[in-house]
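Peer 1: Encoded as structure tokens, here's the structure I'll be asking about.
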Amino acid sequence: MAVLLHNGYVQDASKLMQKLMPTRPAKPGAAYLHVLARVREAEGRKPEARQLLAEALRLQPKSFDILFDCARVAAEENRWKDSVELLKRANEVKPDDPPC
């Protein structure tokens, strides 16, 4: 799904997610919430995406990918202090390991 989102295939990613999981799990994991947040963000539903990312981060506070996406969202919202803090945390998880 991440590849579909990255290449702009938002509707395809959304449909694939619905096929794989037609109903939201009772206790969704961080990975599910992270992907769903990316789908919602690509659909333009930024407040919902922000909430899903925050929930994913609560479940998995040491996930480099989630921390990096949270930092990106914070920067897009001009919350620079939050963004820098999240990037520092991501660097603690994977020092000097920039995303591909």
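Peer 1: Go through the stretch 8-67 and tell me which helices (runs of 4 or more DSSP H), entirely inside it, have 3 or more residues that are open to solvent by less than 70 Å² (accessible area, probe 1.4 Å) and within 30 Å of Pro95 (Cβ to Cβ).
Peer 2: The helices (runs of 4 or more DSSP H) meeting that bar are 30-42, 46-59.
Peer 1: Is it the case that Pro99 is under 23 Å from Val10 (Cβ atoms), at pLDDT below 95, outside any helix (DSSP H, G or I) and not basic (Lys, Arg)? Quick ask: steps written out before the conclusion?
Peer 2: Values: under 23 Å from Val10 (Cβ atoms): yes; at pLDDT below 95: yes; outside any helix (DSSP H, G or I): yes; not basic (Lys, Arg): yes.
Taking the combined requirement at face value, the residue satisfies it.
The values are calculated or read from the model by the stated rules, or taken from the named source; none is laboratory data. Remember, predicted model here, so these are calculated numbers, not experimental data. Because the Cβ atoms are built from the backbone with ideal geometry, glycine has one as well, and the counts that use them run over all protein chains shown. Calculation scope for accessible area: heavy atoms of the full protein, side chains included, ligands and nucleic acids excluded. Shrake-Rupley method; radii C 1.70, N 1.55, O 1.52, S 1.80 Å.
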